[in-house]
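Beneath this line is the structure, given in structure tokens, with notes to follow.
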Amino acid sequence: MIYFDNNDTTPLHPEALEAMLPYFRDKFANPASLHSLGLETESALDEARGKISGAIGADARELIFTSGATEANNIAIFGAARARPSRKHLIISTVEHASVLNVARRLEDDGYRVTRLPVDGQGYVDPALLRDTIDDDTFMVSIVHANHEIGVIQDIRKLAEIAHEKDAWFHTDAAQALGKMPFNVAELGVDLASFNGHKLHGPKGVGGLYVSRRTRPKRLMEGAPQEFDLRPGTENVPAIVGFGRAVEIAVRDLPDVTAHVKPLMKRLAEGLARIPHSHLNGPPPEERLLGNVNVTFLYIEGEAILMHLSNRGICVSSGSACSSKSLTPSTVLTAIGLLHEEAHGAIRFSLSRFNSSDEVETVISKVGEVVDLLRSMTAFVPELHSERMGAKSFYRKR
Ligand SMILES: *Cc1c(COP(=O)(O)O)cnc(C)c1O
């Protein structure tokens, strides 16, 4: 199998698995217990918290563990709305993950005003638009750091600065950023940041929310006072230990992994660019999230390409994982201006440290084969479509 779906989830790093095993067996105690076994798991929890907070430039007291980035996004945004009841305006972008988009929709149903900042043809948010939109009623600005579908990386530092001019809290969904690029909350100036374990070769079902000392969202669930009274419930100690180890490894190996993956993604983009009527969605390879390549193959369905590649032992995504089982096109792809038929022909390839250049060559040739096959099976008449879609070059303009 060739696994090119690492923006969906990643294989567990063997060292992260190794670190977790004792906490499934002998070291099972509740970290809140006062006996010696409890103290042992409590110190494992503290160690993981120290590793992750240290890696992102935060204090250990500024990191809470959650069940993943979805929960962290929910606590950040709903929690901020509840903590600042006099303000009723939320600003997000049109390229957010469903766990931000749908929180915003819920707030809208509850009477809040939501502004969704549009993006340009490569997916970039224009900071000037934020400055035009933000007001004294804005309680929070939440913008995804590195996009899960098209790999666009936003100027978070600038956006946070503008948010602070109006005393709005700034949150970023950094689930794709952590571990794949330098990420430091102090340098970025963010107040809250969400991430998870399974996008960086850690376990699923665990994540974290950075909560700066300057902010205090309200908790969403009631219970015992775990996680600085922000997220009740007994912590998932084995997963947290694995998450801590995965972050430590990702930060340690980032220069080597970057040097390995960057040429692979460039080569993949170059190879796919030779397939006629194809174009790259999002910024050029040198600007985008490490490992992410998203390409539209016109006149065929992404789902059909995906299934044919799957039959050939290659795993990729069409659109975003969450929308890949529905027929509505990806909101991110329509946000960058793709027509429905262009969005439906999109395939996301996402590489990790565990991929090789041989795999890239295999994928390039198999994709070419599948695209040819599918186009030969359809009434493929480019002239009929070209008027509507226009002849586009592989690399899109902003
Ligand atoms: C995967 C992902 C999430 C959701 O993370 P879970 O841990 O699966 O809840 C949120 N935001 C982005 C950008 C993601 O890529």
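Looking at the range 180-195, which of the residues that are small (Gly, Ala, Ser) and crowded, with 24+ Cβ neighbours inside 10 Å is farthest from ASP59 (Cα to Cα)?
Taking the candidates together, the pick is SER194.
Check the range 253-267 and report whether any residue there is within 30 Å of ARG375 (Cβ to Cβ), of a type outside the set (S, T, N, Q) and without any contact (Cβ under 8 Å) to a residue 40 or more places away in the chain.
yes
Of these, ASP173, ASP191, which one is within 16 Å of the chain's Cα centre (by Cα) and under 16 Å from ILE64 (Cα atoms)?
One residue alone meets the criteria, ASP173.
Among the residues of the range 228-277, which ones are hydroxyl-bearing (Ser, Thr, Tyr) and over 24 Å from LYS27 (Cα atoms)?
Correct list: THR258 only.
Quick one: would you say LYS204 is assigned to a loop (DSSP other than H, G, I, E, B), open to solvent by 10 Å² or more (accessible area, probe 1.4 Å) and within 16 Å of the ligand (Cβ to nearest atom)?
Taking the combined requirement at face value, the residue satisfies it.
Within the range 61-86, which residues are of a type outside the set (S, T, N, Q) and open to solvent by 40 Å² or more (accessible area, probe 1.4 Å)?
ARG61, ARG82, PRO85
Need at least 3 residues that are out of contact with any Pro (no Cβ under 9 Å at 6 or more places or on another chain), under 29 Å from PRO31 (Cβ atoms) and within 16 Å of the ligand (Cβ to nearest atom) per element, so show me which strands (runs of 3 or more DSSP E) inside the range 53-170 make the cut, counting only ones lying wholly within it.
The qualifying strands (runs of 3 or more DSSP E) are 63-66.
Restricting attention to the range 4-17, which residues are open to solvent by 50 Å² or more (accessible area, probe 1.4 Å), more than 16 Å from the ligand (Cβ to nearest atom) and in contact (Cβ under 8 Å) with a residue 60 or more places away in the chain?
Passing the criteria: GLU15, LEU17.
Quick one: what pairs do we get from the range 64-76, first residue more than 13 Å from SER142 (Cα to Cα) and assigned by TED's automatic domain parsing to the domain that holds ARG106, second more than 7 Å from the ligand (Cβ to nearest atom) and aliphatic (A, V, I, L, M), C-beta under 6 Å, 6+ apart or different chains?
Correct list of pairs: ILE64/LEU209; ILE64/LEU230; PHE65/ILE240; THR66/ALA72; THR66/LEU209.
Could you look through the range 155-172, keep only residues that are of a type outside the set (Gly, Ala, Ser) and open to solvent by less than 10 Å² (accessible area, probe 1.4 Å), and pick out the one that is farthest from VAL251 (Cα to Cα)?
My answer is ILE162.
For the range 210-315, which fully contained helices (runs of 4 or more DSSP H) count at least 3 residues that are under 20 Å from the mean Cα position of the chain (by Cα) and surrounded by 23 or more Cβ atoms within 10 Å (Cβ to Cβ)?
Because the criterion is at least 3 residues that are under 20 Å from the mean Cα position of the chain (by Cα) and surrounded by 23 or more Cβ atoms within 10 Å (Cβ to Cβ), the helices (runs of 4 or more DSSP H) in the range 210-315 that meet it are 237-273.
Of the residues SER324, SER320, SER357, which is modelled with pLDDT of 95 or more and not assigned by TED's automatic domain parsing to the domain that holds ARG116?
SER357
Among the residues of the range 130-149, are any open to solvent by 10 Å² or more (accessible area, probe 1.4 Å) and under 17 Å from the mean Cα position of the chain (by Cα)?
Yes: the range 130-149 contains one or more residues that are open to solvent by 10 Å² or more (accessible area, probe 1.4 Å) and under 17 Å from the mean Cα position of the chain (by Cα).
The values are calculated or read from the model by the stated rules, or taken from the named source; none is laboratory data. This structure is a prediction, so every number in the text was calculated from the model and none was measured. No Cβ is skipped: glycine too gets one built from the backbone with ideal geometry, and neighbour counts run over all protein chains shown. To get the accessible areas, we keep the full protein, side chains included, count just its heavy atoms, and leave off ligands, DNA and RNA. Shrake-Rupley method; radii C 1.70, N 1.55, O 1.52, S 1.80 Å.
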